[in-house]
Every structure is written in structure tokens, then in C-alpha cells.
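*Asks:* Below you'll find the structure I mean.
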Amino acid sequence: MITRMLVLALLGAAPAFAADVLPLTAAQKKNLGIATVAAATQSASPALTYTARVTLPPASVRVAAAAGAGLVTQLHVQAGDTVKRGAPLVTLSMPGLADAQNALTQARLRSQLAASNAARDEKLFSEGLIAESRLRATRSEAQSARAGLAAAQSAMSLMGTGKVSGSAITLTAPIAGVVTESVAEPGQRVDAGMALVKVADLSKLALEIPLSTTQARQVAVGQSVTVADSEASGRVTALLPQLSASQSVLARASLVDPQKRLRPGQSVQVAIAGVSAAVGGAQSTHSLVVPATALVWKASQPYVFVETAQGFTPTPVQLIRQNASQAEVTGLAAGSRVAAKGVAALKAQWLGE
């Protein structure tokens with residue numbers, strides 16, 4: 001209401017409701033701060049440029065965790081270290097480890113003995129030297145021994161994977177990469193399942209690109225992405241269906257960084273190339289570029305205010321693509337001049353707001 005009253009006061013006239021032409025004098029244009037620019041021809045579709053954040057996709061991260069309660073006796077790495085697959089990360093003293101290892105050894109010996117007895121009795125039975133009941137008993141013992149061995153192996157695996165020595169186990173790197181986090185310290189007691197060291201493969205990065213709902217309509221899965229001042233590139237892999245807390249649509253993209261200069265958490269400028277089929281398919285050969293500030297919306301239809309000898313005409317356009325500063329549209333005559341500043345005042349007069 002305040003905007004409407006201010007516009008009316010500056011114009012000194014009654015409002016024009018959904019007018020075809022908004023008559024303005026040169027003095028009124030100056031008072032309202034209206035400035036115009038010529039719609040420019042665009043031979044090639046410009047890339048959409050946005051601020052993005054470099055991230056680590058979940059598949060690039062591995063965690064070395066304590067499989068049981070224990071004591072950290074040695075830390076072999078720290079955050080920032082580069083490690084090879086199988087490199088030692090942290091050594092734990094686990095009292096139950098020696099017992100589990102002994103139980104596994106005993107179960108393996110019992111299984112081997114039972115298998116040998118079963119093979120012997122199979123031969124004796126085939127020669128008619130023993131009763132079938134003895135063979136069934138021997139088979140049952142062998143089956144029971146195999147089950148005991150499997151249980152002992154499972155119990156041992158629950159103690160952790162790595163290099164075992166007595167009651168100590170050294171957890172090793174599951175992949176080659178860089179240590180991104182190390183929360184363990186020598187002398188620290190840890191519980192089962194506690195994450196101790198994180199290793200990331202930095203050759204597999206990703207991008208998170210926040211977009212407005214309007215911008216998201218111009219982006220589709222598969223479009224190429226390039227990073228400014230870098231050889232890094234990728235493709236859009238997903239558009240999240242839900243809005244973030246900031247009411248933006250999050251686009252995710254793969255990323256290949258041959259120069260290895262990008263780091264997780266880094267803020268970068270990215271360009272998204274290509275035209276989404278959701279906003280009209282292939283680029284029109286008659287498209288023009290106008291400032292993004294020139295666009296106004298009535299319902300879901302974009303308009304621009306085209307300058308004429310009588311004033312300004314609200315003109316519907318088809319939005320092909322848009323970035324933070326420019327919009328590519330069709331529906332304008334070549335050489336058209338559109339309002340780029342003072343657009344809110346024109347919209348208020350047009351809609352009677």
C-alpha cells in the first residue's frame with residue numbers, strides 16, 4: 001500500500017489497473033528512478049553461474065571403527081596424512097581379542113579333525129568295515145565342528161579387521177586416500193562401534209549447488225558443470241525434491257578435479273551449461289538477453305516493461321534461462337528497450353498494488 005501511494009504521488013494520476021500502456025513523462029521516469037537498457041541478441045546460450053560448495057560424496061569416505069571395547073595404544077596417522085590401502089591407522093588393546101583368537105584356533109583344529117574322521121569313516125563304510133550308524137555319527141560331528149568354526153570366525157570378525165597380534169589389533173586403511181578426521185588419542189578408552197579415523201578418496205568429489213525454485217526449473221540432470229578458474233568439471237546428478245531451510249533447491253553434481261586443487265568445504269563459482277527441457281527445450285534462434293532485474297511475474301507468467309513513445313508496455317515473455325544477472329527470453333522485438341531499474345514502481349502502477 002505504501003508503494004502504491006508513493007507511485008501515485010510521484011505520478012500525480014490515478015492507478016492504471018492491468019493497463020496495456022503505462023503512460024509516463026520523462027520527469028516521472030526520473031522521479032521513479034526508472035532506467036532502461038536495450039535487449040541484446042545472444043548468438044550462444046550463456047551458462048548459468050552460481051555459487052557452489054565442494055563436498056565429499058558418501059561413497060568416497062571410509063571409517064575405521066572400534067569393533068569392541070579397548071584402549072588406544074598407538075595412533076599411526078593424523079588428519080591430513082596421505083595413506084595407502086592397508087596402511088596402519090590405529091592400534092587397540094582389546095582384552096577379549098586373545099580369547100577370541102584362541103577360540104578360533106581351537107574351532108579350526110576341531111573342524112579339521114572332524115573332517116578327517118568323516119573322510120576316514122566314509123572310506124571304511126564303503127568297504128563294509130563299519131556300521132552306518134557310526135558313519136552318521138561321524139558326519140554329525142563334522143557338521144557340528146563346521147558350525148562351531150563359523151561361529152568362531154564371526155566372533156573374531158566382530159572384534160575388528162586388521163593386523164592382530166596377541167590382544168592387540170591394528171586397524172588398517174580400507175582405501176587409499178587422505179585422513180580427514182582422527183578422534184582417537186593414545187591412552188583413550190573406546191567403546192564398540194566408535195569411529196576413530198576417517199579416510200577419504202579426494203579424487204572423487206561432488207558439488208552442492210543451491211538454486212531458487214525458478215532457477216531449478218532451468219536445470220536438469222545430465223547438464224554439464226564447470227568450475228571457474230579451474231579445469232574441474234562434472235555433471236548434474238540430482239535435484240533434491242524438498243526445499244532446504246533457506247527455501248532453495250539443492251542440486252548435486254559429480255566433480256572431476258584433474259589438477260587436484262579443490263578441497264571439501266570450499267566455496268566455488270560454477271557454470272551450468274545447456275538448456276533444460278523443462279523450460280522450453282532447445283534454445284530459440286530469436287532469443288534476447290535482458291537484465292534479470294527486468295523480469296516481473298504475474299501469476300506464473302514472466303513479463304518485462306518495454307519502453308514506447310507513450311510510456312511502458314507490460315509484455316509477456318518466455319523465459320529460456322536465467323542466472324543471477326541475466327535472463328534469456330523470447331517474445332521481444334529486436335531493439336526493444338526494457339526497464340531495468342524502477343521496475344517495482346512500474347509493477348505497482350500496472351497492478352494497482
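The values are calculated or read from the model by the stated rules, or taken from the named source; none is laboratory data. What you see is a predicted model; the values in this text were computed from it and never measured. Neighbour counts run over all protein chains shown; Cβ positions are idealised from the backbone, glycine included. Accessible surface areas use protein heavy atoms only, side chains included; no ligands, DNA or RNA. Shrake-Rupley method; radii C 1.70, N 1.55, O 1.52, S 1.80 Å.
*Asks:* Restricting to region 58-108, and then to whatever is open to solvent by 40 Å² or more (accessible area, probe 1.4 Å) and touching a helix residue (DSSP H, G or I) at 6+ places or on another chain (Cβ under 7 Å), can you tell me which residue is farthest from Thr172 (Cα to Cα)?
*Replies:* Among them, the one singled out is Arg108.
*Asks:* Now for a different question. Name the residue that is least open to solvent (accessible area, probe 1.4 Å), counting only residues in region 25-41 that are polar (S, T, N, Q) and within 14 Å of Thr308 (Cβ to Cβ).
*Replies:* Step by step, filter region 25-41, then rank; the result is Thr36.
*Asks:* Of the residues that sit in region 245-265 and are farther than 30 Å from Val179 by Cα and of a type in the set (Gly, Ala, Ser), which one is surrounded by the most Cβ atoms within 10 Å (Cβ to Cβ)?
*Replies:* Per the stated criteria, the residue is Ser248.
*Asks:* Something else about it: Return the residue satisfying two criteria in turn: it lies in region 146-180 and is open to solvent by less than 60 Å² (accessible area, probe 1.4 Å) and polar (S, T, N, Q), and of such residues it is modelled with the lowest pLDDT.
*Replies:* Among those that are open to solvent by less than 60 Å² (accessible area, probe 1.4 Å) and polar (S, T, N, Q), it is Ser167.
*Asks:* What's the number of the only condition in (1) touching a strand residue (DSSP E or B) at 6+ places or on another chain (Cβ under 6 Å); (2) in a helix (DSSP H, G or I) that Leu71 fails to meet?
*Replies:* (2)
*Asks:* Answer yes or no as to whether Gly86 is on the phi > 0 side of the Ramachandran plot and outside any strand (DSSP E or B).
*Replies:* Yes, satisfied.
*Asks:* Oh, and also: Against the condition at pLDDT below 90, in a helix (DSSP H, G or I) and hydrophobic (A, V, I, L, M, F, W, C), how does Ala115 come out, does it pass?
*Replies:* Against the criterion (at pLDDT below 90, in a helix (DSSP H, G or I) and hydrophobic (A, V, I, L, M, F, W, C)), Ala115 does not qualify.
*Asks:* Continuing with the same structure: Would you be able to tell me the number of residues in region 295-310 that are under 39 Å from the mean Cα position of the chain (by Cα) and among the charged types (D, E, K, R)?
*Replies:* Residues that pass the stated criteria total 1.
*Asks:* Take the residues in region 294-307 that are surrounded by fewer than 18 Cβ atoms within 10 Å (Cβ to Cβ) and not in a strand (DSSP E or B), then tell me which one is modelled with the lowest pLDDT.
*Replies:* For region 294-307, the residue satisfying everything is Ser300.
*Asks:* Can you tell me which of (1) modelled with pLDDT under 90; (2) in contact with a helix residue (DSSP H, G or I) (Cβ under 9 Å, 6 or more places away or on another chain); (3) crowded, with 20+ Cβ neighbours inside 10 Å is the one Ala206 doesn't meet?
*Replies:* All conditions pass for Ala206, except number (1).
*Asks:* So which pairs qualify, if the first residue must be in region 314-326 and over 14 Å from Val270 (Cα atoms) and open to solvent by 20 Å² or more (accessible area, probe 1.4 Å), the second must be at pLDDT 80 or above and of a type in the set (Val, Ile, Thr), the Cβ gap must be under 7 Å, and the two must be at least 6 apart or on different chains?
*Replies:* Thr315/Val304; Thr315/Val306; Gln318/Val329; Gln318/Thr330; Leu319/Val329; Gln326/Val289
*Asks:* Looking at (1) of a type outside the set (Asp, Glu); (2) under 30 Å from Gly166 (Cα atoms); (3) surrounded by fewer than 17 Cβ atoms within 10 Å (Cβ to Cβ); (4) modelled with pLDDT under 90, which is the one condition that is false for Ala19?
*Replies:* The single condition Ala19 does not satisfy is (2).
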